[in-house]
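I have placed the structure first, in the form of structure tokens, so that the comments after it can refer back to it.
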Amino acid sequence: MPRIDPEELEILEAYEKGQLKSVATKAELAKFKAAARATAIKDRRVNIRLSSGDLSDIQVKALEEGIPYQTLIASVLHKYVTGRLTERPESGVKQPRSSATKRRTTSRS
């Protein structure tokens, strides 16, 4: 389990003591509940093949986020199909490779 920093610990303690109050309206809460239900329904199975390096990178990202890698993959795909995941605009600057990508490219030499 990821470590909790002092600010998170303070928020958690306030929550557990019942000191926090929701600012969401009933309409917002209903919308969030409906979205959560729709997102949680997983009634189909898909099998895909990924390169070992990509899978390793995904597993590392999932570990950093504290979620299972399958959940991360499903979340990314969901965001993509709902239009909430978009490409970054090109700035003319090359993006640095991840350490796993560097490892793959250097191990072939």
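The stretch between Ala14 and Glu64, if pulled fully straight at 0.36 nm per residue, gains 15.4 nm over its current Cα-Cα span.
Taken along the Cα-to-beta-carbon direction at a fixed 7 Å, the label points for Arg3 and Asp54 span 3.5 nm. Highest-first packing order for the peptide set 22-32, 56-66 is 56-66, 22-32, based on the mean count of other beta carbon atoms within 10 Å.
Bear in mind these aren't lab numbers, they're just calculated from the coordinates by the rules spelled out. The structure displayed is predicted, hence computed values, not measured ones. Don't worry about glycine lacking a Cβ; one is built from the backbone with ideal geometry, like all the others, and counts go over all protein chains shown.
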